[in-house]
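**Student:** I have a structure here, written as structure tokens, and I will follow up with some questions on it.
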Amino acid sequence: MKRSSNLIWLLLLLVGGGFLIFRTVNGSMGRAYVRHETFNATDSFTKRIQKIDDEEQQELAKGETLSEEKAAARGKLKNRLPTVAGITWTKVSSAERGELTTKDGQPDPAVVFSWSRTIGLWIAAVGTLAIMSFLWGDNVFYKLAEAIVIGASAAYAMVVGFWTGIIQNLFGKLIPAAMRETVLPGLPGAQEAELIYIVPLVLSVLMLWRLAPQGGWISRWPLAFFIGATAGIRLVAYLDADFVQQIGNTIMPLIVSDNKQGLMVGHSIGNIIIVVGVLACLVYFFFSFEHKGVVGGTARVGIWFLMITFGAGFGFTVMGRISLISDRFSFLFYDWLWLPKPGIDA
Amino acid sequence: MSDITPRDSAHDPPSDMPPAEDGSETGFDFRNLDRRWIFLAMGLAVAIPMLMGVVFPEEPSEEVLDVFAAVEGLEDGSSVLMAYDYDPASKGELEPMAAAFVRHCAQKKHKLYFITLWPAAVPMLQKNIAILNREYPEYTYGEDYVNLGFRPGSEGVIKVVVTDLKKLYANDVDGTDLNELPLTRNLKNIQSMDLIINVSAGTPGAKEWVQYAATPFDIKMVAGVTGVGYTPLVPYVPKQLAGMLGAIKAAAEYEEAVLLEYPHLRENPSTQEGLRKMGPQLVAHMLIIGLIVVGNVIFFTDRKRGVS
């Protein structure tokens, strides 16, 4: 057993390692490029004004006039045009391998090598291989990659949550003027402080009281509020979408026909299966009577329906998992190793 | 070594295995097969068709055509909420259908409002918007599409935006005031959307959009979901969900439906990502079916021979 395992891995390491070394030395893999596009504010404004002018010409040709909204937007752009002279910015976007050269085969000067994205590409590739190494057995590389994924995901969610929840939603509503002056310049000028947001602020502070050395019980009050409110909101949604509507969805004709096609056998069988399946599964979960006789037989039919449902779910799950490995292989083969994509590169 | 590592009892032959007739050690036997050979076989079953570019023809099913019709049936320039709730962990499964939705909507010149309930989905939104920038340069930000980005609160966000969008979204993802963008200046809430397209990898996702937006406010909605999430959501079709795409198979069929309607898109290989992923799927599924058959044959043979 051990010998066969060693053989598998020796083979994989030799083939994979040799190939990797060859491609790396050759300089034809594992590089990331970006496209730099420089924009000029004056050009951008002029284009937008020109676009509205063209639309106006089209409207005039139809015997109509430009909408007031667009005319106002054009006026605003024209007013701001002198103030943006000299302002430029560069947009950096990912570039595919195929974009390295222009259509006539010359190197595209706008596409440049990116160190930061190349390092990211290698981290992603090595991380993928480290996670896949769990198939061999638990090991330090897997554990390291797992810890990095969890840590990075948690940090990312926290930062995004803090920015959008605390800064934009809470402080943006409570102290909009201060936020506009500092970190949220895009806040509408007309936005005024909404004092109702003091309530979530106080509840949040009470929630954090749990960390204080004394009075930890205070955090139970906001928690009770959140649980109660969430349960109430969800109860209504479930009752409507998953109870009342679902009952309505199950009330259907068992014999389906129309004037053109007459009896629609397939549709009818489908509806009968749905109704019988729902009733049989409900009987299976009905424990007030012993599952004997008619009740037992119906419950048994219910089990069959449940098993078929689980089987379908398992089949879909398998398909999903294969998609995931397929995606990772696609990343390793094409984005990292730069193998030719059949039908695209070759 | 933990219990879940491959090097545990699963590799060891059962103690009640019958010895070989000549008394020697048993040779190759599926019962003793190291599971890593199966991993290797599965890896090859996925990698080889992928490297060979094996693509099988797909025919859109009735369920997929329902989704297609929901997008195609809208008047050109309709408002569509693109609620993309998936992260990099499920992009392999959902990205092809998300991209197909974007291209289909762009072909119909629909006005697109991108939004997400998942913090890690923001780069996914940007990736889909990059399709518009690259392939549909006539699409102008703020006029034809807008990226609302993420807000924390899960289904709470839906509850708010369905009645008062600007209460939560005063700005777009870059901090631009929504009142300054022509597309969102007069937008009150998402009830004015002609369609919600949700690509969902879990919770919050399609279920929540159905519960808090589509059902109570009667907004037309279609969804594309992972394989794991498909079966629990089927009861919503067709009344609460006009249609639903389940996993990569439906994504490939949807791509085919779009390509049949807009054949010029075939020139762009990116429009066939889902179709290309079906080659490895087929071979891998054949392998799994083969292994299930072999496993069952061994099980029933052993049972007949009286091996427990």
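The values are calculated or read from the model by the stated rules, or taken from the named source; none is laboratory data. Bear in mind the structure is a predicted one, so any value in this text is a computation, not a measurement. All Cβ positions, glycine included, derive from the backbone under ideal geometry; neighbour counts span all protein chains shown.
**Student:** Could you please find all residues in the range B:62-97 being surrounded by 16 or more Cβ atoms within 10 Å (Cβ to Cβ) and part of a loop (DSSP other than H, G, I, E, B)?
**Tutor:** B:LEU74, B:SER78, B:TYR86, B:ASP87
**Student:** So, of the residues in the range A:186-198 that are assigned to a loop (DSSP other than H, G, I, E, B) and surrounded by 12 or more Cβ atoms within 10 Å (Cβ to Cβ), which turns out to be farthest from the other protein chains (Cβ to nearest Cβ)? Break it down into steps so the answer makes sense when it comes.
**Tutor:** Going residue by residue through the range A:186-198, those that are assigned to a loop (DSSP other than H, G, I, E, B) are A:186-194.
Applying the additional criterion that residues be surrounded by 12 or more Cβ atoms within 10 Å (Cβ to Cβ) yields A:186-188, A:191, A:193-194.
Values: A:GLY186: 3, A:LEU187: 7, A:PRO188: 5, A:GLN191: 7, A:ALA193: 13, A:GLU194: 9 Å.
Restricting to residues being assigned to a loop (DSSP other than H, G, I, E, B) and surrounded by 12 or more Cβ atoms within 10 Å (Cβ to Cβ), the top hit is A:ALA193.
**Student:** Same structure again: Please determine, by comparing only the residues of the range B:183-202 that are out of contact with any strand residue (DSSP E or B) (no Cβ under 9 Å at 6 or more places or on another chain) and polar (S, T, N, Q), which one is farthest from B:LEU74 (Cα to Cα). Give the derivation first.
**Tutor:** Filtering the range B:183-202 for residues out of contact with any strand residue (DSSP E or B) (no Cβ under 9 Å at 6 or more places or on another chain) gives B:185-186, B:188-189, B:191.
Subsequent filtering for residues that are polar (S, T, N, Q) retains B:186, B:189, B:191.
Numbers: B:ASN186: 21, B:ASN189: 19, B:GLN191: 16 Å.
Among residues in the range B:183-202 that are out of contact with any strand residue (DSSP E or B) (no Cβ under 9 Å at 6 or more places or on another chain) and polar (S, T, N, Q), the one farthest from B:LEU74 (Cα to Cα) is B:ASN186.
**Student:** Since A:LEU195 meets every condition but one in (1) within 30 Å of A:ILE273 (Cα to Cα); (2) modelled with pLDDT of 90 or more, which condition does it not meet?
**Tutor:** Of the numbered conditions (1) within 30 Å of A:ILE273 (Cα to Cα); (2) modelled with pLDDT of 90 or more, the odd one out for A:LEU195 is (1).
**Student:** Working only within the range B:27-60, note down all residues that are aliphatic (A, V, I, L, M), part of a loop (DSSP other than H, G, I, E, B) and facing another protein chain (nearest Cβ under 9 Å). Even if it seems obvious, please write down each step before you answer.
**Tutor:** Let us first name the residues in the range B:27-60 that are aliphatic (A, V, I, L, M), namely B:33, B:38, B:40-42, B:44-48, B:50-52, B:54-55.
Narrowing the set further to residues that are part of a loop (DSSP other than H, G, I, E, B) leaves B:33, B:54-55.
B:VAL54, B:VAL55 - these are the residues of the range B:27-60 that are aliphatic (A, V, I, L, M), part of a loop (DSSP other than H, G, I, E, B) and facing another protein chain (nearest Cβ under 9 Å).
**Student:** Just one of the numbered conditions (1) modelled with pLDDT under 85; (2) within 35 Å of the chain's Cα centre (by Cα); (3) surrounded by 12 or more Cβ atoms within 10 Å (Cβ to Cβ) is not true of A:VAL92; which one?
**Tutor:** (1)
**Student:** Just to verify a result, which residue in the range A:146-174, among those that are hydroxyl-bearing (Ser, Thr, Tyr) and touching a Pro at 6+ places or on another chain (Cβ under 7 Å), is nearest to A:MET132 (Cα to Cα)?
**Tutor:** Step one: list which residues in the range A:146-174 are hydroxyl-bearing (Ser, Thr, Tyr), which gives A:153, A:156, A:164.
After this cut, where a residue has to be touching a Pro at 6+ places or on another chain (Cβ under 7 Å) as well, the list is A:156, A:164.
Numbers: A:TYR156: 23, A:THR164: 34 Å.
Residue satisfying both the conditions and the ranking: A:TYR156.
**Student:** Give me a count of the residues in the range B:85-113 that are over 15 Å from A:LEU324 (Cβ atoms) and within 17 Å of the chain's Cα centre (by Cα). Spell out how you get there, then give the answer.
**Tutor:** Start the filter on the range B:85-113 by keeping residues that are over 15 Å from A:LEU324 (Cβ atoms), which leaves B:85, B:98-113.
From the residues that got through so far, the ones that are within 17 Å of the chain's Cα centre (by Cα) too are B:85, B:98-104.
Number of matching residues: 8.
**Student:** A further question on this structure: Can you give me the number of residues within the range A:139-150 that are surrounded by fewer than 16 Cβ atoms within 10 Å (Cβ to Cβ) and within 14 Å of another protein chain (Cβ to nearest Cβ)?
**Tutor:** Let us first name the residues in the range A:139-150 that are surrounded by fewer than 16 Cβ atoms within 10 Å (Cβ to Cβ), namely A:139-140, A:143-144, A:146-150.
Checking the rest, the ones that are also within 14 Å of another protein chain (Cβ to nearest Cβ) come to A:139-140, A:143, A:146, A:148-150.
Total meeting the criteria: 7.
**Student:** If you don't mind, there's one more thing I want to ask. Answer yes or no as to whether A:ASP335 is of a type in the set (Asp, Glu), in a helix (DSSP H, G or I) and touching a residue at least 12 places away in the same chain (Cβ under 8 Å).
**Tutor:** Values: of a type in the set (Asp, Glu): yes; in a helix (DSSP H, G or I): yes; touching a residue at least 12 places away in the same chain (Cβ under 8 Å): yes.
So A:ASP335 fits the description; yes.
**Student:** Restrict the check to the range A:60-71 and report whether at least one residue is among the polar types (S, T, N, Q), farther than 30 Å from B:PHE30 by Cα and touching a helix residue (DSSP H, G or I) at 6+ places or on another chain (Cβ under 9 Å).
**Tutor:** Within the range A:60-71, one or more residues are among the polar types (S, T, N, Q), farther than 30 Å from B:PHE30 by Cα and touching a helix residue (DSSP H, G or I) at 6+ places or on another chain (Cβ under 9 Å).
**Student:** Still on this structure, please answer the following. Which residues, counting only those in the range B:146-168, are more than 8 Å from chain A (Cβ to nearest Cβ), farther than 16 Å from B:ASN186 by Cβ and touching a Leu at 6+ places or on another chain (Cβ under 9 Å)?
**Tutor:** Correct list: B:ASN147, B:SER154, B:VAL157, B:ILE158, B:VAL160.
**Student:** Can you pull out every residue in the range B:138-187 that is assigned to a loop (DSSP other than H, G, I, E, B), among the aliphatic types (A, V, I, L, M) and either without any contact (Cβ under 8 Å) to a residue 12 or more places away in the chain or in contact with a Cys (Cβ under 8 Å, 6 or more places away or on another chain) (or both)?
**Tutor:** Result: B:ALA170, single match.
**Student:** Within the range B:62-91, track down each residue that is closer than 17 Å to B:TYR254 by Cα, in contact (Cβ under 8 Å) with a residue 12 or more places away in the chain and within 14 Å of chain A (Cβ to nearest Cβ).
**Tutor:** Hits for the range B:62-91 are B:GLU63, B:LYS91.
**Student:** From the list A:ILE247, A:ILE322, A:ILE255, A:ILE269, pick out the single residue that is outside any helix (DSSP H, G or I) and at negative phi.
**Tutor:** Working: A:ILE247 fails: outside any helix (DSSP H, G or I); A:ILE322 fails: outside any helix (DSSP H, G or I); A:ILE269 fails: outside any helix (DSSP H, G or I).
Residue meeting the stated conditions: A:ILE255.
**Student:** If you take the residues of the range A:229-251 that are more than 10 Å from chain B (Cβ to nearest Cβ) and more than 29 Å from the chain's Cα centre (by Cα), which of them is surrounded by the fewest Cβ atoms within 10 Å (Cβ to Cβ)?
**Tutor:** A:ILE251
**Student:** So which residues in the range A:226-275 are of a type in the set (A, V, I, L, M) and in contact (Cβ under 8 Å) with a residue 12 or more places away in the chain, if there are any at all? Working first, answer last.
**Tutor:** Step one: filter the range A:226-275 for residues of a type in the set (A, V, I, L, M), giving A:227, A:229, A:231, A:233, A:235-237, A:239, A:241, A:244, A:247, A:251-252, A:254-256, A:263-265, A:269, A:272-275.
A:MET252, A:LEU254, A:ILE255, A:VAL256, A:ILE272, A:ILE274, A:VAL275, listed by residue number.
**Student:** Please work out if B:PRO269 is within 24 Å of the chain's Cα centre (by Cα), surrounded by 11 or more Cβ atoms within 10 Å (Cβ to Cβ) and under 20 Å from A:ARG321 (Cβ atoms).
**Tutor:** Values: within 24 Å of the chain's Cα centre (by Cα): yes; surrounded by 11 or more Cβ atoms within 10 Å (Cβ to Cβ): yes; under 20 Å from A:ARG321 (Cβ atoms): no.
Criteria not met by B:PRO269.
**Student:** Of the numbered conditions (1) surrounded by 20 or more Cβ atoms within 10 Å (Cβ to Cβ); (2) touching a Gly at 6+ places or on another chain (Cβ under 8 Å), B:LYS109 fails exactly one; give the number of that condition.
**Tutor:** The number of the failed condition is (1).
**Student:** Kindly list, by first and then second residue, each pair from a residue in the range B:226-254 that is facing chain A (nearest Cβ under 7 Å) to a residue that is assigned to a strand (DSSP E or B), limited to pairs with Cβ atoms under 6 Å and residues at least 6 apart or on different chains.
**Tutor:** B:TYR230/B:GLY246
**Student:** OK, next. Here are the criteria: (1) more than 30 Å from B:SER78 (Cα to Cα); (2) among the charged types (D, E, K, R); (3) over 19 Å from the mean Cα position of the chain (by Cα). Tell me which single one B:GLU261 does not satisfy.
**Tutor:** Tallying (1) more than 30 Å from B:SER78 (Cα to Cα); (2) among the charged types (D, E, K, R); (3) over 19 Å from the mean Cα position of the chain (by Cα), B:GLU261 fails exactly one: (1).
**Student:** So which residues in the range A:19-55 are touching a strand residue (DSSP E or B) at 6+ places or on another chain (Cβ under 6 Å) and of a type in the set (D, E, K, R), if there are any at all?
**Tutor:** Just the residues of the range A:19-55 that are touching a strand residue (DSSP E or B) at 6+ places or on another chain (Cβ under 6 Å), to begin with: A:33-40.
Within the range A:19-55, A:ARG35, A:GLU37 qualify.
**Student:** State yes or no: is A:LEU223 at pLDDT 90 or above and under 18 Å from B:GLY153 (Cβ atoms)?
**Tutor:** Values: at pLDDT 90 or above: yes; under 18 Å from B:GLY153 (Cβ atoms): yes.
In short, yes.
**Student:** Could I ask something else about it? Working only within the range B:197-216, note down all residues that are within 11 Å of chain A (Cβ to nearest Cβ), more than 20 Å from A:MET252 (Cα to Cα) and over 10 Å from the mean Cα position of the chain (by Cα).
**Tutor:** Let us first name the residues in the range B:197-216 that are within 11 Å of chain A (Cβ to nearest Cβ), namely B:201, B:207-216.
Then drop every residue that is not more than 20 Å from A:MET252 (Cα to Cα), which leaves B:201, B:207-214, B:216.
Within the range B:197-216, B:LYS207, B:GLU208, B:TRP209, B:VAL210, B:GLN211, B:TYR212, B:ALA213, B:ALA214, B:PRO216 meet the criteria.
**Student:** Also, quick follow-up: Which members of the range A:97-128 meet the condition of being at pLDDT below 85, touching a strand residue (DSSP E or B) at 6+ places or on another chain (Cβ under 8 Å) and part of a loop (DSSP other than H, G, I, E, B)?
**Tutor:** A:LEU100
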